[in-house]
Every structure is written in C-alpha cells, then in structure tokens.
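Colleague: One structure, pasted below without further comment.
The values are calculated or read from the model by the stated rules, or taken from the named source; none is laboratory data. Just so it is clear, the structure is predicted and the values come from calculations on it, not from any experiment. Note that each Cβ is placed from the backbone with ideal geometry, even for glycine, and that neighbours are counted across all protein chains shown.
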Amino acid sequence: MTDQWFFEIGDGNTYGPYTLEKLQKWAAAGNLMPTHRVRNVDSTEWVIAAYVPGLELTTVAAVPEQGTPEQSSPGSLGKLVRGLGRKPKPRAGEKAGSAPAEPPDIVAMCDELLTIAFTRNASDLHIDPEENVTLIQIRVDGELETIRKLPRNLHNAVVSRYKVLSNMDIAERRLPQDGSFVYAFEEQKKKISIRAACLPTTHGERLTLRLLALETEQLTLNRLGMSKRNFDMFVKFASQNQGMILMTGPTGSGKSTTLYAALRHRLANYPGRIITVEDPVEFDIVGVAQSEVDGADKVQFTTVLRNILRSDPDVIMIGEIRDFESADIAIKAALTGHLVFSSLHTNSAAGVITRLTDMGIQPFQVAATLRLGVAQRLVKRLCSECRKPRNITAVEAAALGSPHIEGSIIYDPGKCARCNERGYRGRVGIFEMLPIDEELCRRIVAGCDEVEIADYMRDHSIPRLRDDAVDKLLAGATTLAEVHEVLNW
Ligand SMILES: [Zn+2]
C-alpha cells in the first residue's frame, strides 16, 4: 500500500494526498478527529480514521489531558484563520489548482474565536447552526453580538474541536452533552475555565461556551457597585460565623457573582472550610470545595446537601433554594453553627421571608436563621469617557417617583473608542438589603406578610431597589432607560 492518504473532515473537500506521518501530525494537533474519514490512494474505500493502523491513537492524541500545554496553546495569533471564515474564496481557488488544498486550520480558528470572546470580556461564545451559515456570537454585558458567519460546511469541525477540548463524546451528535476545559490565553497570561454545553437542533449541534470567572480577581465585594451602607452591611453579615444570607433576583441579575465575591471575602479574611453545592458551577474558586449537582434531580440534590453537612464545613453556599427540602437543609445548617449563603426566586428582599414560609418553613425557623435578605439587579454602566450630561426634566423625575430630583444632572450614553461606540462599559449592581433585627424577628414569628415588611422598611428608612437605582442614576453610573428597565421587573 502506498503511503499516501486522502482525508475529509465533512466540509465537502477532500484533502491530500499526505503521508501517514503528516496525518498523525494533524491528529496530534486536533485537526484530524477520530471520526473523520481517510482513504489510501490505492483504495476507493473511506475508513474511519480511528480504525486505520497508525491512526488508531488519533483518539488519544486528539483528546489531550486537561491543562496540558498542547490543549491550551493558542498558537500564533497573527497566522490564525488560514482562509476559512475570513477568506473562503482564495481557498476555493486553491482547490481548483493542481496542488493539494491545505485543510482549514480549525484548531487555530477555534483558538481565535475564544481569544476574541476573552478580549471582548464576553460571558458566552455561541456556535449556532442555521440553515446556510453557522453564526458565531458572543454575549457582552448581557447582549448578543455576531462576530463571524462561517460556511455551514465547517460547522461540524468547529463543534468537534470544542467537544474534544471539553471531553465530550464527539461521535454522539443526537444527545445533549456537557463538558468543561481550562484554556490559557498566553498573550494575556490568563487561564480561564470554560464550560461547554452541546444541544442537538434541527440544523445541527448548537454549542455554548461559557467563559467562567472572566477575571476571578475582579470578583470582590467592592467592585459590585454597592453603596457604602450596603457594602458595610453585607461585609458585616458575611463575616459572621452562622446564620443565613439569601440573595434574590431574576436570572442574570448578578446574584451568583455577589455570592462568589462573598466566598472570596471569607476565604481571604477568615479560616475555615468552604463547600458549595451548585447547579452548575459558574466560577472556579481556588480553596473552595465546589460540587456540582443536577438541580432537576431532587433526590441527588438533597443527598449531596446532606453529605456536605456531614463533612463539617464552616461556610456553605447552596446555589439555589428551590423547594422545601433544600430550604429545610439550609435552615438546619444555619441552626447548627454554619454560615449559609444561597439564593431563591422572588422579587424583593422582603419577599425572601415570605418565600421561605410559602415553601413550608416555620416562621420561627426563618426568624432564627435568616440574617440578611438581598435583592439585586444589574444595569449597564455608562462609559465615563463619553457620557453626556443633561438636566432631568420634571416629567422624567415624576415618572421615577422622585419629583424632587427635577433639574439634577443625569447622563445619556455617547460613543467613543473606549466603549466600542456602545456608550456603556460593563455593568453595575443595584441592591436592596434587609437586615433581620430583633423587631423584624418578632414580626416574622407573628406571621407578618410582605406588605407589613415593606411598611417596616419604609419606617426604618431602608433603601429599596428604586432608591439605589436613582442614586446610581444621579451618580452618573447609568442611564434613565436602564433604571426604568430595572424598576419594571
Ligand atoms: Zn465611551
């Protein structure tokens, strides 16, 4: 048999002929997958790469262990994307010529996409198959943006590359899969964790890569945008040895970021074991034992929680309290000398109390354990380089429920290079914090409802979400439109 081989990766092109040695190199670089097909020049029969003698190690070579330099190397950024995606036409021309076409450098292209997502501070990278193209989108500050449209025939190769990195089964294309990997951005000297989720759709597999802990060092309490009052209060309760701190807010309100920042605060300032139960783990924190459970699997979730209590932690973070069982375990943990952080679904800090009793927790148990309820939202942060000052009108002030701020300076978004012409850079949290003092404890035990708690907050001048949002508007941190969006939730 002649040592000359063709191969195809499913993009409609045939590559080669190459020597087996060259194929092995491609495989080692991750560009030739075990499921790709190869054909010897002497034969008309295509064979799965992994079945060809000399390439049977393709599987091993193409699936490097997590964290090896091979997997993490982004290669030379300048030479990335040979042709495909950016310059498909020259390649088509090459193919027409007599020289064998070079296969697209899928590895380099995938590295480049990750680098773009990282440098733009994106939270997610989406590989979305449509009928004729594959959309590559990133999510920046909560908004989706298309960064590339790839020819459809590259879709499977790109998805396969990320599936290999994530330790997913690349031969399985009909079932949803999850995975993760650590990626090193060498130029920026940063390593970040990436969680991958793959979902089959009618047009092919949809892949979402979530860039975790974009900058874990930024996950500190003083960067979240808390006012002095809220910051001092949060730190005070997060520094105690027992009790329960519950966050609330809709999905994407930044509550898990705050929880992680709280854990990092504990880690930096207090000795003790910290354990988390999450669905899914969103940030990796060195020094914290994080366990991931499937929240939909109630039995598993409860079992893991119980086991964790037996392993003697000092601080426990439960991703979300969603039913009586998880609430009950959180309460028991808080009653037995643990500090418990968690979140639940409700609208306001006051709602935390009633949500727990609605789940079946006794009011006296809530009063005995809950120390702080925190509601959070996120608004886009104005770019301070190009924001444009103006006076708030009487109508606008009245619409906010704050007629007395008429004439105060607020800011509209501008456009400049610093913010990519978007007018905004990053986001800032809006908070409402309700500390549970003795008086409130008595009212909780007496079975007070949410209206009564709201009255209590007003009587004690506890700032609501609205107040914090207006403060941030007047401080020039965000815009009127963003504030309205928050208040409409
Ligand atoms: Zn700007």
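Colleague: Which is of a type outside the set (Val, Ile, Thr) and within 30 Å of Gly429 (Cβ to Cβ), of Lys163, Lys190?
Modeller: Values: Lys163 fails: within 30 Å of Gly429 (Cβ to Cβ).
Going through Lys163, Lys190 in turn, just one is of a type outside the set (Val, Ile, Thr) and within 30 Å of Gly429 (Cβ to Cβ): Lys190.
Colleague: Got a sec? Which of Asp294, Asp314 is in contact (Cβ under 8 Å) with a residue 60 or more places away in the chain and surrounded by fewer than 17 Cβ atoms within 10 Å (Cβ to Cβ)?
Modeller: Details: Asp294 fails: in contact (Cβ under 8 Å) with a residue 60 or more places away in the chain.
When all the criteria are applied, what remains is Asp314.
Colleague: To continue, here is another question. Considering only residues of segment 406-429 that are of a type outside the set (S, T, N, Q), more than 21 Å from Gly142 (Cβ to Cβ) and surrounded by fewer than 18 Cβ atoms within 10 Å (Cβ to Cβ), which is farthest from the ligand (Cβ to nearest atom)?
Modeller: Top of the filtered list is Glu406.
Colleague: What residue, among those in segment 286-311 that are more than 25 Å from the chain's Cα centre (by Cα) and of a type in the set (A, V, I, L, M), is nearest to Arg266 (Cα to Cα)? Full working, then the answer.
Modeller: The first filter runs over segment 286-311 and keeps only residues more than 25 Å from the chain's Cα centre (by Cα), leaving 299, 303, 306-307, 309-311.
Checking the rest, the ones that are also of a type in the set (A, V, I, L, M) come to 299, 309.
Details: Val299: 30, Leu309: 18 Å.
Among residues in segment 286-311 that are more than 25 Å from the chain's Cα centre (by Cα) and of a type in the set (A, V, I, L, M), the one nearest to Arg266 (Cα to Cα) is Leu309.
Colleague: Please specify each residue of segment 33-49 satisfying the condition of being closer than 16 Å to Tyr162 by Cβ and without any contact (Cβ under 8 Å) to a residue 40 or more places away in the chain. It would help to see each step written out before you state the result.
Modeller: So in segment 33-49, the residues closer than 16 Å to Tyr162 by Cβ come out as 33-36.
Answer for segment 33-49, where residues must be closer than 16 Å to Tyr162 by Cβ and without any contact (Cβ under 8 Å) to a residue 40 or more places away in the chain: just His36.
Colleague: Starting from residues that are touching a helix residue (DSSP H, G or I) at 6+ places or on another chain (Cβ under 6 Å) and part of a loop (DSSP other than H, G, I, E, B), keep the ones in segment 243-284 and report whichever is nearest to His345 (Cα to Cα).
Modeller: If we take residues in segment 243-284 being touching a helix residue (DSSP H, G or I) at 6+ places or on another chain (Cβ under 6 Å) and part of a loop (DSSP other than H, G, I, E, B), then Gly249 is nearest to His345 (Cα to Cα).
Colleague: Being part of a strand (DSSP E or B) and of a type in the set (A, V, I, L, M) is the filter here; which residues of segment 154-207 pass it?
Modeller: Once the filter is applied, which keeps residues that are part of a strand (DSSP E or B) and of a type in the set (A, V, I, L, M), segment 154-207 yields Val182, Ala184, Ile192, Ile194, Ala196, Ala197, Leu199, Leu207.
Colleague: Could you check Arg152 against (1) within 25 Å of Pro34 (Cβ to Cβ); (2) modelled with pLDDT of 90 or more and say which number it fails?
Modeller: (2)
Colleague: Checking Ala477 against (1) within 16 Å of the ligand (Cβ to nearest atom); (2) surrounded by 14 or more Cβ atoms within 10 Å (Cβ to Cβ); (3) modelled with pLDDT under 95, which single condition isn't satisfied?
Modeller: (3)
Colleague: I've got another one for you. In segment 317-341, what count of residues is obtained for those that are within 16 Å of Arg266 (Cα to Cα) and surrounded by fewer than 16 Cβ atoms within 10 Å (Cβ to Cβ)?
Modeller: Residues flagged as within 16 Å of Arg266 (Cα to Cα) and surrounded by fewer than 16 Cβ atoms within 10 Å (Cβ to Cβ) within segment 317-341 amount to 1.
Colleague: Just to be sure, is Arg229 over 23 Å from Thr354 (Cβ atoms), in the same structural domain as Ala367 (by TED's automatic domain parsing) and surrounded by fewer than 16 Cβ atoms within 10 Å (Cβ to Cβ)? Write out each step before concluding.
Modeller: On the way: over 23 Å from Thr354 (Cβ atoms): yes; in the same structural domain as Ala367 (by TED's automatic domain parsing): yes; surrounded by fewer than 16 Cβ atoms within 10 Å (Cβ to Cβ): yes.
It is true that Arg229 is over 23 Å from Thr354 (Cβ atoms), in the same structural domain as Ala367 (by TED's automatic domain parsing) and surrounded by fewer than 16 Cβ atoms within 10 Å (Cβ to Cβ).
Colleague: Residue under question is Cys383, and the condition is that it be buried (at least 21 other Cβ atoms within 10 Å of the Cβ) and within 16 Å of the ligand (Cβ to nearest atom); does it hold? Before you say what the answer is, go through the steps one by one.
Modeller: Working: buried (at least 21 other Cβ atoms within 10 Å of the Cβ): yes; within 16 Å of the ligand (Cβ to nearest atom): yes.
Yes: the conditions hold for Cys383.
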